[in-house]
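A short write-up of the structure that comes next.
The values are calculated or read from the model by the stated rules, or taken from the named source; none is laboratory data. Since the structure is predicted, the reported quantities are computational estimates derived from the model, not experimental observations. For neighbour counting, all protein chains shown are included, and Cβ atoms are generated from backbone atoms with ideal geometry for every residue, glycine included. Side chains included, ligands, DNA and RNA excluded: accessible areas come from the protein's heavy atoms. Shrake-Rupley method; radii C 1.70, N 1.55, O 1.52, S 1.80 Å.
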Amino acid sequence: MRSFHSFRRVSAVLLGLAVAAFALPAPASADTAEAMGGTGPYDAEYTTTWRLRDHTVYRPVDLPDERLPIVAWGNGACRADGTWFENILTEFASHGYLVIANGRPGGSGQTDAEMLTDAVDWAVAENSRLFSPYRGKLDTDNIAVMGQSCGGLETYEVADDPRIDTTVIWNSGMFSDADPNRLDHLHAPIAYFTGGPSDIAYQNALNDWDDLPSGLPAFMGHLDVGHYGTFRDPNGGEYGRVGTAWLDWQLKGDSQARAEFVGDDCGLCADPDWDTEQKNLS
């Protein structure tokens, strides 16, 4: 794995790109939940907790009977604003996931990869903590870590955690491919989603794809939307739909969602808007 200092140099570059592209949302109250909807079966909201002060938690408003898999999210630019990607994260939560984003609502400053691990640690502890609202409600055997741009680099950095069941890299990739073994720590099925050739991270993702560990299940999809994707669209747009499908397959074993990614006639393979590749998927 590349050094932390090298990782930070790349983060600084991506920070400038992301700041130029996104209009910042109005900060929400740091201590109250805000309902926002989503297209899934559950109305979703984001909230905060003093037990995990530097994060934003997306969840169904009313916790369902089904146990919620856990998703930790790293923001583009490594920005400590947990509501910067609220559209897509609310969408995930509305489909029955507990999503924990780095940063507080409307926050500023910088995050680091350790915050993703903190998010997973907190969720696992909450599932068993006496009097926790999440006690017995979380599926701690099914955990995803994902992030966009600089957040994708954070995702790489924690991807050796044995608790992780899938990683997702959005519009991201390492800036150097000089070390062909740099990704040998990856152990869980991985998905890459880029914005196509106009995405500044497109070639980086392709380089990483070529150097994935032999036998690692992997999917890559390119949608011609540039580095900033469809995150700002309602419900995360096409990224929201596809990201939900990947989570449904990897963390819930949904066979219909699997069909979007596996085989020559997979759903995204047949979609003219997507350019796809697969490795070791079954």
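Just a few scattered comments:
- Projecting label points 7 angstrom from Cα along Cα→Cβ for Asp54 and Asp224 puts them 4.1 nm apart.
- Under 5 Å, built H, 5+ apart or other chain: amide partners of Gln110: Ala80
- About its Cα centre, the chain has a charge dipole of approximately 800 debye under the convention of +1 per Lys or Arg Cβ and -1 per Asp or Glu Cβ, with nothing else charged.
- Long-range amide H partners of Leu138 with built H, under 5 Å: Leu68
- Ala125-His187 FRET efficiency (beta carbon distance; Förster radius 22 Å; 0.05 resolution): 0.45
- Carbon + sulfur, % of accessible area of region 227-282 - ligands and nucleic acids excluded, 1.4 Å: 40
- Stretch gain in nm, segment Gln256-Asp160, where the contour uses 0.36 nm per residue and the Cα spacing is subtracted: 31.7 nm
- The gain in end-to-end length when the Asp264 to Ser198 segment is fully stretched comes to 21.2 nm, 0.36 nm per residue minus the alpha carbon separation.
- Counting Cα-Cα pairs of region 49-139 in 5 Å increments starting at 0 gives whole-percent bin shares of 3, 16, 27, 26, 18, 9, 2, 0.
- Electrostatic dipole magnitude of region 220-282 [Cβ: Lys, Arg +1; Asp, Glu -1; Cα centre; debye, to 20]: 320
- Note on Arg135/Ser108: beta-carbon distance plugged into 1/(1 + (r/R0)^6) with R0 of 30 Å gives a FRET efficiency of 0.35.
- In region 52-138, GluC sites (Glu not before Pro) in a DSSP loop with at most 14 other beta-carbon atoms within 10 Å: Glu66
- Split the accessible area of region 62-108 by element, probe 1.4 Å, and carbon with sulfur accounts for 33%.
- Using a probe of 1.4 angstrom and keeping all protein chains present, the accessible surface of region 71-204 works out to 28 square angstrom per residue.
- Element breakdown for region 118-184 at a 1.4 angstrom probe: carbon and sulfur atoms account for 49% of the accessible area.
- Net charge, Asp141 excluded, C-beta distance under 13 Å - Lys, Arg +1, Asp, Glu -1: +1
- Shape class of region 178-254 from the alpha-carbon gyration tensor: oblate, with a/c at 1.5 or above and b/c at least as large as a/b.
- When the alpha carbon coordinates of region 140-273 are projected onto the principal axes, the ranges are 36, 35, 28 Å, largest first.
- For the residues Phe85, Phe131, Phe261, a GNM of the chain with alpha-carbon springs under 10 Å puts the largest fluctuation on Phe131.
- Taking only the alpha carbons of the chain, we obtain Rg and Dmax values of 17.2, 50 Å in that order.
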